[in-house]
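The values are calculated or read from the model by the stated rules, or taken from the named source; none is laboratory data. Remember, predicted model here, so these are calculated numbers, not experimental data. Methodologically, a virtual Cβ is constructed for each residue, glycine included, from the backbone with ideal geometry; neighbour enumeration extends over all protein chains shown. Each accessible area value is taken on the protein alone, full model and side chains, heavy atoms only, with ligands, DNA and RNA left out. Shrake-Rupley method; radii C 1.70, N 1.55, O 1.52, S 1.80 Å.
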Amino acid sequence: MRIGARTLLGFAVAAALLEVGLLAWPGYAPRISSGVLLLGAGWAAARHLMAARHTRGHAREVWAVGAAGILLCLLSMLWYAPTELLGNRVAAPPSLGDIPRGLAFGAAVAAMLLIPGVPRSGAGRLRMVLDGVLTAAAGFGLAWLLGLASLVRRPEADLADPLTLVYPLAAIVILSIALLLIAGDRRRRATALTLFCAGIAAASSSVLVSAITMLAGARPDRTGGHGLLLLGFLLLGAATSRPLPERHVEPWDPSTALARFLPYPPIALLAAGAAYVWLRSGAIDSALAWTAGVLVVAVLARLLLTLRLNASLADALDAHRREADYRAHHDPLTGLANRNRLTERLDTAVAQLSTPGDPLEFTPGPALLLIDLDGFKAINDSLGHAAGDQVLTAV
């Protein structure tokens, strides 16, 4: 069943209503969010499993990996669901429920990279991932400058759990890759690629909102972003209603100015912000220093990869040029020089004869040898042109 634009708008309204409901009835927030999100994740997982069952080849791989990622999220939520549905306070992470959640991050990246239309070569996928890392690192640096540092340094912020920062960092990376894929899709409509990546982007944004609210002192069962997570599940399920692009489609490539330069404006803003902080305080904290280090490494890797891709492109063009020249001057059946090459050779020979030289020195002239195959027409007429081609190749 194809899901249209009105249904997609309804998904957005449902996500907004969930957030409003959680604010209106805070005492029932854990029960409401847990029940609604379990239903949304279950529906999305069922859609992906059905799509994997009724498709073949590469499409089955995409939907199967997508189903695995959603089921991992569902398993993580089921770990906390009994406590939330009973209205008890959820314990802060880490717990066993964080294992499938972490695996779901990897499944999300794998599913996005499996969708036809993204770069098919390893170098192309690495280029896209590096762009995602650049955008993510710059985005984290900006978030750090704009207030995340203040939240982390609050006395009530719980930093004993490393997942407090690992989750938002992973979410920023996945969000950046999803946005790059959406920006690089040349088709100006809602496709399986854009809906799937939009769902991943919404779910990643919910992780960011949840992490920020936890750093601000919220209880684990009272964090925000539940509407975004529901919207992510609904968009992931809706993606199965659109056909996947064929594997031979033109690979991903940013088609707008914003998409081409998406990693670089955040880097420029981060550099300006870091310079302002350094001029005011005379120092840069360790988080910004590490972020700058990641950016430098990623930029250098991106530069080296670009040089390698350009060198490979130059080699491919040179090989294509040589092949085109060979086909223009050789017979495709026998591999012998054709009429074009014969004409060039004769013109060169005639030009050499017209060049004045020593009158006492004998200069041999060109010679033309004509060879005729007796009975060749009879072979073509009686046995067919395929047999005639075999005779020419043998001779």
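Assorted remarks:
- Residue in the stretch 51-62 that is among the small types (Gly, Ala, Ser) and at pLDDT below 85 present: yes
- Residues (over 25 Å from the mean Cα position of the chain (by Cα) and open to solvent by less than 80 Å² (accessible area, probe 1.4 Å)) located in the stretch 4-23: THR7, GLY10, VAL13, ALA14, ALA15, ALA16, LEU18, GLU19, GLY21, LEU22
- Each residue in the stretch 51-80 was checked for being over 18 Å from SER241 (Cβ atoms), assigned to a helix (DSSP H, G or I) and without any contact (Cβ under 8 Å) to a residue 24 or more places away in the chain, and 1 pass.
- ILE172 vs. criteria at pLDDT 75 or above, out of contact with any Ser or Thr (no Cβ under 7 Å at 6 or more places or on another chain) and open to solvent by less than 20 Å² (accessible area, probe 1.4 Å): no
- With respect to the stated conditions, MET112 fails to be at pLDDT below 90, farther than 21 Å from LEU193 by Cβ and assigned to a helix (DSSP H, G or I).
- Looking only at the stretch 209-219, and only at residues there that are within 29 Å of LEU113 (Cβ to Cβ) and surrounded by fewer than 21 Cβ atoms within 10 Å (Cβ to Cβ), the one that is modelled with the lowest pLDDT: ILE212
- Within the stretch 43-59, the set of residues being open to solvent by 40 Å² or more (accessible area, probe 1.4 Å) and among the hydrophobic types (A, V, I, L, M, F, W, C) comprises TRP43, ALA46, LEU49, MET50.
One line per residue, one yes/no per condition, for (1) in contact with a helix residue (DSSP H, G or I) (Cβ under 8 Å, 6 or more places away or on another chain); (2) modelled with pLDDT of 80 or more; (3) part of a helix (DSSP H, G or I):
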site	(1), (2), (3)
ARG186	no, no, no
ARG189	no, no, no
PHE196	yes, yes, yes
ALA202	yes, yes, yes
ASP221	yes, no, yes
LEU236	yes, yes, yes
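- Candidates are the residues of the stretch 296-334 that are charged (D, E, K, R) and over 22 Å from the mean Cα position of the chain (by Cα); the one that is surrounded by the most Cβ atoms within 10 Å (Cβ to Cβ) is ASP331.
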